[in-house]
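The values are calculated or read from the model by the stated rules, or taken from the named source; none is laboratory data. Keep in mind the model is a prediction, meaning the values are calculated, not measured. Cβ placement follows ideal geometry from the backbone for every residue including glycine, while neighbour counts extend to all protein chains displayed. Ligands, DNA and RNA are excluded from the accessible area calculation, which covers all protein heavy atoms including side chains. Shrake-Rupley method; radii C 1.70, N 1.55, O 1.52, S 1.80 Å.
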Amino acid sequence: MNEPHYLQPLLPTPFHSRTQAACCTALWSGWAGYQSARCYTHVEFEYFAARNQATLFDLSPMIKYRIAGSDSLPYLNRLMTRDVGKLAVGRVAYTVWCNDVGKVLDDGTLFRLDDNEYLLCAQDRHLPWLQDSAIGFDLEVEDVSERFAALALQGPTSYAIVQRMGFDDLMSLRPFGWRRVKYRGAELIVSRTGFSGDLGYEIWSAPDQAESLWDDLMAAGADFGLMPMGSDALELLRIEAGYLLPNADFMPADHATRASRGRSPFELGLGWLVDFNKGHFVGRRALQAERAGSGRYTFVGLDIDGNKPAHESLIYHRRRELIGHVTSAMWSPTCKRNIAIAELQAGREAMLDDLWVEIYLKKELKWEKLMVRCRVVPRPFFDPPRRLATPPAAY
Amino acid sequence: MKSVRYDAIVVGGGHNGLVCANYLARARQRVLLLEAADQVGGAAATESFAPGFRVSSCAHLVYLFDPSISAELKLADHGLVWSAVDLPSVALSQERAVLSISSDPTLSAGEWMSGEHKRFDALMARMTRFASVLQNLYTRVPPRLRNRRGDIVALVQAAWRIRRLGRDDMRELLRIAGMNIADLLDDELNDDRLKGMLAFDAVLGTRLGPRAPNTVFTWLHRLVSRAPAAHGGIMHPLGGVGALCDALSRSAQAAGVEIRTGARVESIMCDADRVTGVRVADGEEIGARQVISNADPQQTLLSLLGARELDTEFVRRVRDVPMAGTAAKLHLAIDDLPTFVGVDPEQARGRLVIAPNIDYVERASNAIKYGEYAPQPVIEITIPSLHDSTLAPPGKHVLSAIVQYAPYTLRAGWGAHRDEFADCVIAVLAEYAPDLPDKIVERQLLLPVDIEQRYGMTGGHWHHGELGLERFWMWRPTPGAAQYQMPVEGLFLCGAGCHPGGGVMGLAGRNAARAVLATARP
């Protein structure tokens, strides 16, 4: 490990023998130092499998922190913007946390494992911040990323597959809940969470059970159209679901070299995650001042005319005045709409009825410029009733 | 919630706490001052260390106490008498005669090298002009870097004061501000004795050696005493430094401050991001709209208030303030006056400095980097009983010495090495006053760790945290908190951990009172 980082090969995840075998495209990317498949067969097969059948996605590289000790709750309430006190054992919460000036450092999911034990899952590494935030608290923060092999089983038939696996007791599991289930003499954690905006589960196992878990799930899912999915298809799912992605839709404040690039929860449309009534939390004073004044930006969903994705497009009022830009865009095959997530300057409400996006389009190596009408629409773009139905339907 | 009884509670009765409380009471605030010890003064105290012998526990001379505070608080009317003013500084030397300097150049004595006196006077005149710029900054609440009128005016004023020095002086100040004292002294002077003593002045109370950058600045900090608006000399209050605090205490009480001693504050309470009062050791809760802490920044923010009420990055910055003291204090009760070789009786009243050359000071400072004590320490000696008969029985004397460098944490552990270090110091003293060891009746050594324990100063650091360009003005104690007001509404700092820093000045206390009163205005 003394090699410089650019000479170190990406690490295999616990599922590597299986993902490697399944990956026909040899399209891999690096994720938190691990080798992660972008696409196994074809991005459209995988996308449609996720929307109509089910897919298996290896999310082992996700960074996981265990927070345990008598001060866990006060610590997390001081760290996070939302009221963690409302999170019961057995539940999971989507959460963001901010720096001193109220700009978002990252988002993640927080599992309450026990009265004084939590698991925080995030895209990026944050141990120094989490540990320095623990000054004055009695607890331990530990990086437990390597103790878990994790899979996302997402799609309409995912409940039928976990039933076939013999995971009892998941019928009553509501969205954002988790249960322990027996599996081959050990225990797994199954949570009804995911990044697809659809019915689905995430399964957290010990690394030494990873290969058998993959095999058993693929076998159980054979009749239900289950196929492995890479991160390219996941990107499409999450845009339809309206979820924000750090480093794509916003710069995590500690990655930004330009101080103005940080975004507050309000500016990201995540004001519902900020609770000013729970006592002090990091960034509270700055966020209170911001709420009293106004944020600089606002996040919106866009419905764009035509079918050409508005990747990284600029947004104009009356075709002239620049008032924002697209952060994520796609043609949504399920919604049959040309959708985008966009950041607009705040205080432009009066201009929303006359918005245009400038789309650069390469048609067989020739660039064309389109100026296309768009409208602000609510997110998520895709939100089927089956996502929340409890008990879920066994399609 | 308890009903609010006081407008302000001042936590800690050091000189800055007393000054701050006094100014608040004069502005018709109802003020309670809580001091953990049985007497006020904090580290600026005079205490008995042997039957019949009393000594100033930490600082044993007063250079920097602001004369306008003395006048405004009428300290003379409240019993402050100086037993000596304009004390000379005497560079002890084994090889050559001693050299003595005084704020009055005509009193300087000893054998000066040809032209050296002139060079020295020119250097000091220039440094005094620079120190005057600093002195002016010291009497004001530092600005913040935000686009508000008052802040911009303050920044422009500060820049203008530097510009007004004139082109040559301004260029020189900017050239040397971040420099090390050894290079500056080598450029300007020739006499080792003189250079050694001035280098000592620059590093006193810091963890720096004379070849460390920033030591010209720490020297300028000390030279603020020579600015026209300052007292001008080295002084000693009758009854020791504690007598200054006694006068401050009487003045504060006359102004209406309620002082409670033996009342240790355990925590600063707050609710909904606003200070509500303090809890004292017996569990009593006392309500107040504002709490002003004379304790050091780490103690105040991380212990009394608690990191939970603060943001993570701010906590990091407070935690990172260097708080490990390096100065120890040796107190000797002596039954007869020792003879310092070559020192005449007039000089003996002053401060005698063992720092014979720059290399000696540098070598002494090396130890601290590696968690060791200096076996050949630099020492500042005073025998205050020569001009203050209240400190020792008739015919006997007190010798008070500041000894550097003694680490807060000795790598080998202080336990067994405490006496060894005291012996070391006395052996060095004996090189300059051979008859001293036989006259010692009693000795007391206060290491930084003792000072921390006795006076509640984190790390036993006299200045409540290192001084330096990066820890001064808008940056003291940390950026964003240099205006005395802390992030929790109603909480202020008023001690040496804030601008303008250490030394018995009183300016942090007065500036803090101004900051408190500025927020009280509608």
field: In the range B:291-318, residue farthest from the other protein chains (Cβ to nearest Cβ) [restricted to those that are open to solvent by 10 Å² or more (accessible area, probe 1.4 Å) and in contact with a helix residue (DSSP H, G or I) (Cβ under 7 Å, 6 or more places away or on another chain)]
entry: B:Asn294
- prompt: Has the range A:69-76 got at least one residue that is within 13 Å of chain B (Cβ to nearest Cβ) and in contact with a Ser or Thr (Cβ under 8 Å, 6 or more places away or on another chain)?
  reply: yes
field: Subset of the range A:135-169 [within 14 Å of chain B (Cβ to nearest Cβ) and without any contact (Cβ under 8 Å) to a residue 60 or more places away in the chain]
entry: A:Ile135, A:Gly136
- request: Examine the range B:64-78 for a residue that is closer than 30 Å to B:Arg443 by Cα, within 25 Å of the chain's Cα centre (by Cα) and in contact (Cβ under 8 Å) with a residue 12 or more places away in the chain, and state whether such a residue exists.
  value: yes
query: Within the range A:292-334, which residues are open to solvent by less than 30 Å² (accessible area, probe 1.4 Å) and within 20 Å of the chain's Cα centre (by Cα)?
result: A:Phe299, A:Val300, A:Gly301, A:Leu302, A:Val326, A:Thr327, A:Ser328, A:Ala329, A:Met330, A:Ser332
message: Would you confirm whether or not the range B:282-289 contains a residue that is on the phi > 0 side of the Ramachandran plot, assigned by TED's automatic domain parsing to the domain that holds B:Gly17 and open to solvent by 50 Å² or more (accessible area, probe 1.4 Å)?
response: no
- request: Return only the number of the condition from (1) of a type in the set (A, V, I, L, M, F, W, C); (2) closer than 30 Å to A:Leu170 by Cα; (3) open to solvent by 30 Å² or more (accessible area, probe 1.4 Å) that A:Phe381 does not satisfy.
  value: (3)
task: Inspect all residues belonging to the range B:233-254 and state whether any of them is within 14 Å of chain A (Cβ to nearest Cβ) and open to solvent by less than 60 Å² (accessible area, probe 1.4 Å).
output: no
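For the range B:426-444, name all the residues that are in contact with a helix residue (DSSP H, G or I) (Cβ under 7 Å, 6 or more places away or on another chain) and either open to solvent by 40 Å² or more (accessible area, probe 1.4 Å) or without any contact (Cβ under 8 Å) to a residue 12 or more places away in the chain (or both). Lay out the reasoning, then the answer.
Applying the first criterion (in contact with a helix residue (DSSP H, G or I) (Cβ under 7 Å, 6 or more places away or on another chain)) to the range B:426-444 yields B:426, B:430, B:436-437, B:443.
B:Ala430, B:Pro437, B:Arg443 - these are the residues of the range B:426-444 that are in contact with a helix residue (DSSP H, G or I) (Cβ under 7 Å, 6 or more places away or on another chain) and either open to solvent by 40 Å² or more (accessible area, probe 1.4 Å) or without any contact (Cβ under 8 Å) to a residue 12 or more places away in the chain (or both).
Applying the selection to the range B:123-150, what residues are open to solvent by less than 50 Å² (accessible area, probe 1.4 Å) and without any contact (Cβ under 8 Å) to a residue 24 or more places away in the chain? Steps first, please.
At the first step, the residues of the range B:123-150 found to be open to solvent by less than 50 Å² (accessible area, probe 1.4 Å) are B:123-128, B:130-139, B:142-143.
Across the range B:123-150, the qualifying residue is only B:Ala125.
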message: Condition first: closer than 30 Å to B:Ala367 by Cα and of a type in the set (Ser, Thr, Tyr). Now tell me which residues in the range B:378-398 satisfy that.
response: B:Thr382
task: Evaluate the following for B:Asp336: is it open to solvent by 10 Å² or more (accessible area, probe 1.4 Å), of a type in the set (Asp, Glu) and closer than 28 Å to B:Ala59 by Cβ?
output: yes
task: Search the range B:319-330 for residues that are within 14 Å of another protein chain (Cβ to nearest Cβ) and pair each with any residue that is in a loop (DSSP other than H, G, I, E, B) and surrounded by 24 or more Cβ atoms within 10 Å (Cβ to Cβ) when their beta-carbon atoms are under 6 Å apart and the residues are at least 6 apart or on different chains.
output: B:Val321/B:Gly465; B:Val321/B:Pro477
Filter result (open to solvent by 10 Å² or more (accessible area, probe 1.4 Å) and more than 19 Å from B:Leu134 (Cα to Cα)) within the range B:458-485: B:Thr458, B:Trp462, B:His464, B:Gly480, B:Gln485
- prompt: Mind checking which pairs have a first residue in the range A:106-132 that is more than 14 Å from every other protein chain (Cβ to nearest Cβ) and a second that is part of a strand (DSSP E or B) and acidic (Asp, Glu), Cβ under 7 Å, 6 or more apart or different chains?
  reply: A:Ala122/A:Asp106; A:Gln123/A:Asp106; A:Asp124/A:Asp106
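This table checks each residue for (1) of a type outside the set (Ser, Thr, Tyr); (2) without any contact (Cβ under 8 Å) to a residue 60 or more places away in the chain; (3) in a loop (DSSP other than H, G, I, E, B); (4) within 28 Å of B:Met235 (Cβ to Cβ).
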{"site": "B:His463", "(1), (2), (3), (4)": "yes, no, yes, yes"}
{"site": "B:Ala481", "(1), (2), (3), (4)": "yes, no, yes, no"}
{"site": "B:His499", "(1), (2), (3), (4)": "yes, no, yes, yes"}
{"site": "B:Val504", "(1), (2), (3), (4)": "yes, no, yes, yes"}
{"site": "B:Ala508", "(1), (2), (3), (4)": "yes, no, no, yes"}
{"site": "B:Ala513", "(1), (2), (3), (4)": "yes, no, no, yes"}
{"site": "B:Leu517", "(1), (2), (3), (4)": "yes, no, no, no"}
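Working carefully through the options B:Ser93, B:Ser70, B:Ser89, find the one that is closer than 22 Å to B:Ser385 by Cα, not assigned by TED's automatic domain parsing to the domain that holds B:Trp160 and not basic (Lys, Arg).
B:Ser89
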query: Among B:Ile358, B:Ile334, which is the only one that is away from chain A (no Cβ under 14 Å), over 25 Å from B:Gly468 (Cβ atoms), of a type outside the set (D, E, K, R) and more than 21 Å from the chain's Cα centre (by Cα)?
result: B:Ile334
query: So which residues in the range B:486-522 are within 14 Å of chain A (Cβ to nearest Cβ), over 13 Å from B:Ala8 (Cβ atoms), touching a strand residue (DSSP E or B) at 6+ places or on another chain (Cβ under 9 Å) and not acidic (Asp, Glu), if there are any at all?
result: B:Met486, B:Val488
- request: For the range B:13-34, enumerate the residues that are open to solvent by 20 Å² or more (accessible area, probe 1.4 Å) and under 20 Å from the mean Cα position of the chain (by Cα).
  value: B:His15
- prompt: Of the conditions (1) outside any strand (DSSP E or B); (2) under 21 Å from the mean Cα position of the chain (by Cα); (3) aliphatic (A, V, I, L, M), A:Ala152 fails just one. Which one is it?
  reply: (1)
query: Out of the range A:274-289, which residues are under 26 Å from the mean Cα position of the chain (by Cα), in a loop (DSSP other than H, G, I, E, B) and more than 7 Å from chain B (Cβ to nearest Cβ)?
result: A:Val274, A:Asp275, A:Phe276, A:Lys278, A:Phe281
- prompt: For A:Trp272, which of the numbered conditions (1) in contact with a strand residue (DSSP E or B) (Cβ under 8 Å, 6 or more places away or on another chain); (2) surrounded by fewer than 21 Cβ atoms within 10 Å (Cβ to Cβ) fails to hold?
  reply: (1)
statement: Checking A:Gly225, A:Gly262 in turn, the sole residue that is surrounded by fewer than 22 Cβ atoms within 10 Å (Cβ to Cβ) and either under 13 Å from the mean Cα position of the chain (by Cα) or within 16 Å of A:Asp107 (Cα to Cα) (or both) turns out to be A:Gly262
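For the range B:344-363, how many residues are among the hydrophobic types (A, V, I, L, M, F, W, C) and either more than 29 Å from B:Leu386 (Cα to Cα) or open to solvent by 70 Å² or more (accessible area, probe 1.4 Å) (or both)?
Summing the residues that are among the hydrophobic types (A, V, I, L, M, F, W, C) and either more than 29 Å from B:Leu386 (Cα to Cα) or open to solvent by 70 Å² or more (accessible area, probe 1.4 Å) (or both) in the range B:344-363 gives 1.
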